[in-house]
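One structure is given below, encoded as structure tokens.
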Protein chains: 2
Amino acid sequence: MLYVVGLGLSDEKDITVKGLEAVTSCERVYLEAYTSILMVDKEKLEHYYKKPVIVADREMVESDSDAILANAGKVNVAFLVVGDPYGATTHTDLVIRARELGIPVQVIHNASIMNAIGACGLQLYNFGQTISIVFFTDSWRPDSFYDRIKENRALGLHTLCLLDIKVKEQSIENMARNRKIYEPPRYMTVNQAVEQLLEIEENRQEKAYTPETLAIGCARIGTVTQHIVSGTLQQLVDCDFGGPLHSLVIVGTKMHFLEAEFVKEFAVDKAVFDETVKRDYKI
Amino acid sequence: MLYVVGLGLSDEKDITVKGLEAVTSCERVYLEAYTSILMVDKEKLEHYYKKPVIVADREMVESDSDAILANAGKVNVAFLVVGDPYGATTHTDLVIRARELGIPVQVIHNASIMNAIGACGLQLYNFGQTISIVFFTDSWRPDSFYDRIKENRALGLHTLCLLDIKVKEQSIENMARNRKIYEPPRYMTVNQAVEQLLEIEENRQEKAYTPETLAIGCARIGTVTQHIVSGTLQQLVDCDFGGPLHSLVIVGTKMHFLEAEFVKEFAVDKAVFDETVKRDYKI
């Protein structure tokens, strides 16, 4: 049996009881560690599960899934995923591959940022499509998600922006020389995301949003150090959100007054929040 | 402390380890039992937690939240929610009320249909706004969600349809006579939802969807009896999905071929599925 187990958002105790029982029954335990990160070390998981945990990087999951699935028709194998198992395409690939090999699969769900974002005070059914914002480089400044935000905002809907994570990245030089030396991990901050968004709007000038649009910066959702701040995009540029992971919500104009009431609690400046809502939102 | 604890989707073991530890520390444990249902009885939870569980109906949560919060500044109180705590507006009301009373609140997240729906093979970031379909009555046939589906489909996005639940409902006669006699619970099936959708399209004729539009019927997601069937709306009218809870996804035209590959596994008729995808989807 292949168990694909969601670990939730924070630490070793966010696994479900069912998930923990599954892991305990497994001969091999893999931890997917490149689409998201858990807030605790692998060693803590190993201590908690009382067994070794093999870190599965992108290369292993995408090119060598048969190694993960080896013998899984006879023994139990766990593939641990931060958040919920269906958060990233790669995991569905693994499930499809297991099916092809006739290996039974059980998925054990958990919270992910896709539903836990409700903690910011906005209702999940008022969100449009979710977007991912990637790190700009000098030569690569992709902005196709701008159109998605524009579509959502034209309907008055909120947009959840997932922020880039760079784990086990090689420098161009090391890649060219085929040296397996990796850069330190990087996690996009709310501030970086907002700066990139404002740069794109400055270039495109299609008013998908403006520096005065309300947004909510969220850090470490679902952990004890969770930090949520609402304000205009311009206000969020300078807010300190602390360590990873961060995400950002661009607030849609159809915000309900009950949502506004909740979100106001997180406002960097309640007076500016009220003014902005009064001016731009249909409440 | 008020703990608002998500129970996940299926049974008593879908609670997280952290959630179970919180419940164990509580003097009083309430179970919200009207926006969703767990697949096990209250008695099973009581046996598992080794303490009584008080069922909180809509009336109690909406009108008498201070009773739930009584003394929660001094002792621990748990409010259990099927799925994730932020799935329904009522729970955010309770959190706001606790804040007003100066009671510390800790939310313990879990899977909900809003993210577990990824099990149907579609990617969560390709979903537009979520809608709720309520039971039609002879005199009340609300269809405002039709416009939401139309908006999503104009953008090529998928639509998650949450289906109505009627728990502790009074008949009009019993309500008029103020008799606290309740009807048996009712849960909308995929079939009923599809019939209502087709009736609305028949009336509105705006082609938000047609009987040939692809959809995915989902029953008991996250449980061992999970059942998923994809097909045209017309095909789903007659499929048997078994017991509650059901939900429905209307597939957007921007479906990626990897999504189609996964969804095809659930097709009621793979040939019709392929034809429909070839004709209507941008793959």
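The values are calculated or read from the model by the stated rules, or taken from the named source; none is laboratory data. Keep in mind it's a predicted model, so treat the numbers as computed, not measured. For neighbour counting, all protein chains shown are included, and Cβ atoms are generated from backbone atoms with ideal geometry for every residue, glycine included.
Summary table
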read-out: Any helices (runs of 4 or more DSSP H) falling wholly within region B:138-239 and containing at least 3 residues that are at pLDDT 95 or above and away from every other protein chain (no Cβ under 14 Å); value: B:190-204, B:233-236
read-out: Residues that are more than 12 Å from chain B (Cβ to nearest Cβ) and without any contact (Cβ under 8 Å) to a residue 24 or more places away in the chain, drawn from region A:110-137; value: A:THR137
read-out: Matching option when the condition is of a type in the set (S, T, N, Q) and more than 21 Å from B:PHE136 (Cα to Cα), among B:ASN178, B:ASN174; value: B:ASN178
read-out: Search result, residues across region B:262-283 that are within 14 Å of another protein chain (Cβ to nearest Cβ), under 16 Å from B:HIS158 (Cα atoms) and surrounded by fewer than 21 Cβ atoms within 10 Å (Cβ to Cβ); value: B:LYS264
read-out: Unique residue being of a type outside the set (A, V, I, L, M), surrounded by fewer than 14 Cβ atoms within 10 Å (Cβ to Cβ) and assigned by the TED database to the domain that holds A:ASN126 when the list is A:GLU183, A:GLU195, A:GLU259, A:GLU201; value: A:GLU183
read-out: In region B:255-283, the residues that are under 24 Å from A:THR90 (Cα atoms), of a type in the set (A, V, I, L, M) and not in a helix (DSSP H, G or I); value: B:MET255, B:ALA267, B:ILE283
read-out: Condition met for B:ILE200 (within 25 Å of B:ILE165 (Cα to Cα), out of contact with any strand residue (DSSP E or B) (no Cβ under 7 Å at 6 or more places or on another chain), touching a residue at least 12 places away in the same chain (Cβ under 8 Å) and hydrophobic (A, V, I, L, M, F, W, C)); value: yes
read-out: Top-ranked residue of region A:240-261 - restricted to ones that are over 24 Å from A:PHE145 (Cα atoms) and within 23 Å of the chain's Cα centre (by Cα), ranked as nearest to the other protein chains (Cβ to nearest Cβ); value: A:GLU259
read-out: Residue ranges of helices (runs of 4 or more DSSP H) in region A:1-109 with at least 2 members of a type in the set (Gly, Ala, Ser) and away from chain B (no Cβ under 14 Å); value: A:65-69
read-out: Single match in B:THR189, B:THR210, B:THR276, B:THR223 (criterion: farther than 21 Å from B:ALA116 by Cα, touching a residue at least 24 places away in the same chain (Cβ under 8 Å), in the same structural domain as B:GLN170 (by the TED database) and polar (S, T, N, Q)); value: B:THR276
read-out: Single residue of A:LYS166, A:LYS150 found to be charged (D, E, K, R) and under 15 Å from A:HIS246 (Cβ atoms); value: A:LYS166
read-out: Matching residues in region B:110-143 - criterion: being under 29 Å from B:GLU169 (Cα atoms), within 14 Å of the chain's Cα centre (by Cα) and small (Gly, Ala, Ser); value: B:ALA111, B:SER112, B:ALA116, B:SER132
read-out: Residue within region A:227-244 that is hydroxyl-bearing (Ser, Thr, Tyr) and out of contact with any Gly (no Cβ under 7 Å at 6 or more places or on another chain) present; value: yes
read-out: Check on B:ILE103, at pLDDT 95 or above and either under 16 Å from the mean Cα position of the chain (by Cα) or outside the structural domain of B:LYS13 (by the TED database) (or both); value: no
read-out: Residue in region B:76-83 that is on the phi > 0 side of the Ramachandran plot and touching a residue at least 12 places away in the same chain (Cβ under 8 Å) present; value: yes
read-out: Any pair with Cβ under 9 angstrom, 6 or more apart, that starts in region A:33-61 at a residue that is assigned by the TED database to the domain that holds A:GLY87 and among the β-branched types (Val, Ile, Thr) and ends at one that is in a loop (DSSP other than H, G, I, E, B) and at pLDDT 85 or above; value: A:THR35/A:VAL82; A:ILE37/A:VAL82; A:ILE37/A:PRO185; A:ILE37/A:PRO244; A:ILE37/A:LEU245; A:VAL40/A:SER10; A:VAL40/A:ASP11
